[in-house]
Structure formats: structure tokens, C-alpha cells
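Have a look at the structure that comes next, please.
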Amino acid sequence: MVGAAEPRKGISMAIQYFVDESKRICVAKLVFEDEDGEALTPLEDAENYICAKLVREAASSASCAERDLTFAYTVVVRAVLQRMGVPQFVSRAECAPEDTFDEAVGCDLARARLLRKYYKWLTDCTEAVEYQLETMAKLAQKTSAKSWRCMRRWDDEVLDLE
């Protein structure tokens, strides 16, 4: 049984359900495909999502320098995502012995748990990328300030020699 979740442009995200009535278990698994039907990993999906978000934000910016940095963003996104790792996007719902087994309720519960897990991971990835980019911007500002001070000192020394 396959159910559709919220698709993004060019990527389809589907949930596969596996039901074992004898064990009273419903399992849900998240599956990603690109627009050509090729399987994607959750890492590639997250990279596409975060990079598209950064590109949209940079495109709306008036700064040409910020728009030119979108390639560098992809490198940072890949590095952060590799470091974070990818959990298994599988969830299960087990029916209690005193309850009546209902496949629809079990699949809904497994789906809710799966999507909660996925969107929490995606949010954590996005926040980690934003933090890394902010850290890099602060480092660039410090480096720029040090360069400016060195240049002023060098100018002062040259002026003293003249």
C-alpha cells in the first residue's frame, strides 16, 4: 500500500505501508524519487530542499554578492548533512493485545510517527546549515576587520616613510 505525502517540485515522496495482521503491526517507510523516477536518498532530498530554500532567499536579495554565494551554500549544505547523518525513516505501530486490530488506524499512526520523525530531522538539518553559515559569516567579518587593520597600519607606516 502506498500513500502520498507532501511532494516538492521535482521530487516525489511516498510512504510505503507493510501490514502484518498476525503480529498486529503496521510499518511505514518513506521513499523518495526524483522527477525521472530514480530513487533518492533522504540526504539528497534534504540537500535539494535546503539548497532550493537558500537559492530562493538569495534570489530575493538585492545583493549580487549574496546571489553569487549560492554555489558555496551547496558545499556547506553537503558538509553539514554528511556530518549529521541520516536516520532510518521507518516507523511502526503495534496494536495492544486488548485492542481490536484496525489496519487503517495502524497505518495512520505509523504515518504520523514517520512524518514527525522526518520533518524534525529536516528542521534540524536546516537549523544546522543556518548556524554554519552564520558562523562562516562571522569568521569572514573578523578576517575582513583584521585585514583592514593591517592595511591601515601598513598605510600609516608608508606615510611615515614619505
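Is it true that some residue in segment 93-110 is in contact with a Ser or Thr (Cβ under 7 Å, 6 or more places away or on another chain) and at pLDDT 85 or above?
There is at least one residue in segment 93-110 that is in contact with a Ser or Thr (Cβ under 7 Å, 6 or more places away or on another chain) and at pLDDT 85 or above.
If I ask for residues that are at pLDDT 75 or above, closer than 15 Å to Thr126 by Cβ and of a type in the set (Lys, Arg), which ones from segment 50-92 would you list?
Lys53, Arg78, Arg83
Counting only residues that are open to solvent by less than 60 Å² (accessible area, probe 1.4 Å) and touching a residue at least 60 places away in the same chain (Cβ under 8 Å), how many does segment 83-102 have?
6
The values are calculated or read from the model by the stated rules, or taken from the named source; none is laboratory data. Because the structure is a prediction, the values reported are computed rather than measured. Note that each Cβ is placed from the backbone with ideal geometry, even for glycine, and that neighbours are counted across all protein chains shown. When the accessible area is computed, the model is the full protein with side chains, heavy atoms only, and any ligands, DNA or RNA have been set aside. Shrake-Rupley method; radii C 1.70, N 1.55, O 1.52, S 1.80 Å.
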